[in-house]
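S.K.: The following block contains the structure, expressed as structure tokens.
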Amino acid sequence: STEHKAVHGKKTPYCRICREVNVIQQPARRRDPMIVEESRPTEFGHLILADHMTLRKDSEIGRDGEKNALVFMDFATEFAAMKPVRSRSSDDAMRAYYEVVGDASPWMVFSDNSKELKKMARECGLIHATSTPHRSQSNSRIERLIMNMTLATRQCLEQSGFPHPWWPCAAEYA
């Protein structure tokens, strides 16, 4: 359908793009250890999940030198954004963070033990909760989001016919 071609939400066996791009592993079901039902955030910004995504090959660099992306998700509203950045520096992380949250007043960020995100949280005056080091399953919600947004970015590029260096533009709309 036209709607499916626009967003590729669910994998359809009849769609060439879905068959070629939507290849995923079995999910590992697990609850987020830091979030208890009674204390679930209810407003935008109470809890922001954050993580980096890094491209492995130099041939995958964006047209303006982007080799990384920061992915943010507000836990209460499930609003998500992927912000391409050139480096994993705390300055780039802070710029991307403020692009996403704007003038909202978040109070907690949950991420892996990334030095850049720790520094960003400290400089923004946020509580920084961390996942278990070297265990992506303990940060499963954001890891799954990264996978979905990467997939959506690939689908946008494939659908548009643009070459790989345009991935940052596709990621902004994924």
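S.K.: Does any residue of segment 52-59 turn out to be modelled with pLDDT of 90 or more and in a loop (DSSP other than H, G, I, E, B)?
M.R.: So far as segment 52-59 goes, no, none of its residues is modelled with pLDDT of 90 or more and in a loop (DSSP other than H, G, I, E, B).
S.K.: If you don't mind, there's one more thing I want to ask. Quick check on this structure: which one of 146, 127, 61, 142 is of a type in the set (Val, Ile, Thr) and closer than 24 Å to residue 4 by Cβ?
M.R.: None of the others qualify; the one that does is 146.
S.K.: Name the residue that is least open to solvent (accessible area, probe 1.4 Å), counting only residues in segment 68-103 that are part of a loop (DSSP other than H, G, I, E, B) and hydrophobic (A, V, I, L, M, F, W, C).
M.R.: 75
S.K.: While we're here: For residues that are modelled with pLDDT of 75 or more and more than 25 Å from residue 171 (Cα to Cα), scanning just segment 15-42, find the one that is most open to solvent (accessible area, probe 1.4 Å).
M.R.: Top of the filtered list is 42.
S.K.: Further question on the same structure: Please identify the pairs in which a residue from segment 92-105 that is under 19 Å from residue 52 (Cα atoms) has its Cβ atom under 6 Å from the Cβ atom of a residue that is acidic (Asp, Glu) and surrounded by 13 or more Cβ atoms within 10 Å (Cβ to Cβ), counting only partners at least 6 apart or on another chain.
M.R.: Final answer for the pair search is 93/116.
S.K.: Run down 116, 143 and say which single residue is part of a helix (DSSP H, G or I), modelled with pLDDT of 90 or more and open to solvent by 30 Å² or more (accessible area, probe 1.4 Å).
M.R.: Testing whether each residue is part of a helix (DSSP H, G or I), modelled with pLDDT of 90 or more and open to solvent by 30 Å² or more (accessible area, probe 1.4 Å) leaves just 116.
S.K.: Separate question: Hey, any hits in segment 123-133 for a residue that's modelled with pLDDT of 90 or more and within 16 Å of the chain's Cα centre (by Cα)?
M.R.: no
S.K.: For residue 45, are the conditions met, namely being closer than 17 Å to residue 174 by Cα and in a loop (DSSP other than H, G, I, E, B)?
M.R.: No: the conditions fail for residue 45.
S.K.: Next up: For residue 59, indicate whether it is surrounded by fewer than 21 Cβ atoms within 10 Å (Cβ to Cβ), of a type in the set (S, T, N, Q) and within 21 Å of residue 166 (Cα to Cα).
M.R.: yes
S.K.: Can I ask one more? Would it be correct to say that residue 157 is buried (at least 20 other Cβ atoms within 10 Å of the Cβ) and over 15 Å from residue 49 (Cβ atoms)?
M.R.: yes
The values are calculated or read from the model by the stated rules, or taken from the named source; none is laboratory data. Nothing here was measured: the structure is a model prediction, and the numbers come from that model. Note that we place each Cβ from the backbone using ideal geometry, even for glycine, and neighbour counts take in every protein chain shown. Surface accessibility is based on the protein's heavy atoms, side chains included, excluding ligands, DNA and RNA. Shrake-Rupley method; radii C 1.70, N 1.55, O 1.52, S 1.80 Å.
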